[in-house]
Structure formats: structure tokens, C-alpha cells
1. For residue 165 and residue 22, compute 0.36 nm times the residue count separating them, minus their Cα-Cα distance, and round to one decimal in nm.
2. Which one, 13, 204, 102, has the greatest fluctuation when you compute a Gaussian network model over the chain with C-alpha springs under 10 angstrom?
3. Can you order the peptides 42-50, 136-144 by their average number of other Cβ atoms within 10 Å per residue, highest first?
4. With all protein chains present, how much of the accessible area of region 1-159 (probe radius 1.4 Å) comes from carbon and sulfur, to the nearest whole percent?
5. Counting pairs of alpha carbon atoms under 8 Å apart in space and at least six apart in sequence, what relative contact order in percent does region 1-91 give?
6. Using helices alone, I'd like the mean residue ellipticity at 222 nm for the chain: each DSSP H run of four-plus residues gives -39500 (n - 2.57), total over residue count, nearest 500.
7. Could you grab the relative contact order for the chain? Cα pairs under 8 Å, six or more apart, rounded to a whole percent.
8. Quick one: if you take sqrt(5λ) for each eigenvalue of the C-alpha gyration tensor of the chain, what semi-axes come out, biggest first, whole angstrom?
Amino acid sequence: MAVPLIDAHCHLDCEAFRDRVSEILAGAAEAGVTRLVSCATQPDEWASTAALAKAHPSVAFALGIHPWYVTPESATAALRLADARLMGASAIGEVGLDTHADAPMDLQQATFEVQLAMAGKADLPVVVHCRGAFGELMRILRSVGPPARGGVVHAYSGNEEIAADLMEMGFYLSMGRSLTYRNSKKRVQVLKRIYPDRLLLETDSPDMPPVELSGTVNVPANLPYCLRAAAELLERPEEEVAKATTANARRLFGLGKAGR
């Protein structure tokens, strides 16, 4: 029997999947993806993401404010995340810092710091997005401190040294599409540093399809492409990598069987 896979980062409450979630999840299950973590990116999505997970036992969820959607009101809105666990969330996210976002970095940083604090209050891990801002990210994590439950930096693009520092702070690292390029010595170094104890697999669907399916809408059923690429780069059996990454995701997000 194949080892079940967990998609540690996707966005099921999106326009591309509207009215198709049951179909998308059925396809994922057929591909061996038995659990998924769906991340909300702004307050308007929090209730609908929670409702989607309630309707589909294989789905866990995270609530947060993504740096792309930060506004002057976001830091105040983020205070509501103190109740995320009561809403059934498995994490606070997707949150973080992005130098390509429209919001000024000072607003992003303020909102991120509040969300880190709320993850601590809710006793939940945090799901972090970081693009072009690893210096700022590490400064905030060192000054504010990571949540006690740690977290994951998704779509990780940093180097081996930053990865080591993040692991010391209790973080996991997840990778998706970038694995399928198979063309980066730096990525192989990072993989070997974080595997087996700190690697998660993700699709980030509906965006970022594997290179084999470029130009298509990404779906959680594509996670085996990421598994295959990771196994090739690590020179380890796919079943071994699947077992490790599934165990890591269950540990981080507190996932048991479907519905828990």
C-alpha cells in the first residue's frame, strides 16, 4: 500500500476551484493525497475556508493575512486570530513578508509581528511566506521570537545557512514546484540539510504547477510530481520520502486521521 501524502500548502477556497472542491479532493485522493492544509490569505476568506474544511474531513486549514493583502487595518484585524484554534484552525497562515507586495514593508512587518503573537496565544504553528525578505524575517523572528509550536516557511527559496537557523527556531520548510526544475545545487544542499526531519511537500495550488505541467491550473493531485523530484534530488526511495514528509506534516499541524 502506498504511503499517504499530505499537501502542506494549498488554497482550496479560490476562484479556480469554485464549485469544484469535491472533484478536486477526489482527484487528490486518487493520487494518494489524503490530507491537505488549505491556507486563507485575508480576513474575507477566514469563514469560508473554515466552512470548506468542516464540509470536507480531509481538509485542515490555516487563517492569516498574506503580505499581498496587507492594509493599514490589517494589524488590528489580525488580533481576531487569537481565536483561530476555537474556529478549528491547525495553523496561523499564510502570513509573512514580500518585497514584491504593494504594501510598505513597515506595514507588512507590523502585521506579521501581530500574527506571530496571535499564533502564540492560540498555541498554533505559523505558515510563513517570504520572498526577497529573509533578512527582515530572521530579524523579526530573533527579536519577537517564533511561536512555541514553530511553523513552516513554505515555497522555501533561502540558502542552507538560513534553513539551519530556521530549524533551530522550530521551523519546517516546504517545497513544491521549485523541486521539479531539478537544476539547483543550492536546493539540493538545502534538501539534504532539512531531510528527513524538517521537509514538507506542497503544491501551492491553484498556482505554481510542476514544470511538467506548466501552463495548467495546479491541483493537489499533482503532489506526486513534487515527491518524485524530491526523491530524485535526495537519491532516496519515493516511499521513504513520502513517509518522512507525511509524518512531519502530521507532527507540525497536529493531524491525525481525516477529520482531526
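The values are calculated or read from the model by the stated rules, or taken from the named source; none is laboratory data. Predicted model only: the values in this text are computed from it and were never measured. Glycine gets a Cβ as well: all are built from the backbone with ideal geometry, and neighbour counts include every protein chain shown. The accessibility values were calculated without ligands, DNA or RNA, using every heavy atom of the protein model including side chains. Shrake-Rupley method; radii C 1.70, N 1.55, O 1.52, S 1.80 Å.
1. Contour length minus the Cα-Cα distance gives 47.6 nm.
2. 102
3. 42-50, 136-144
4. Ligands and nucleic acids excluded, carbon and sulfur reach 54 percent.
5. That works out to 26 percent.
6. -12000 deg cm²/dmol
7. 21
8. The equivalent ellipsoid of the chain has semi-axes of 25, 22, 17 Å.
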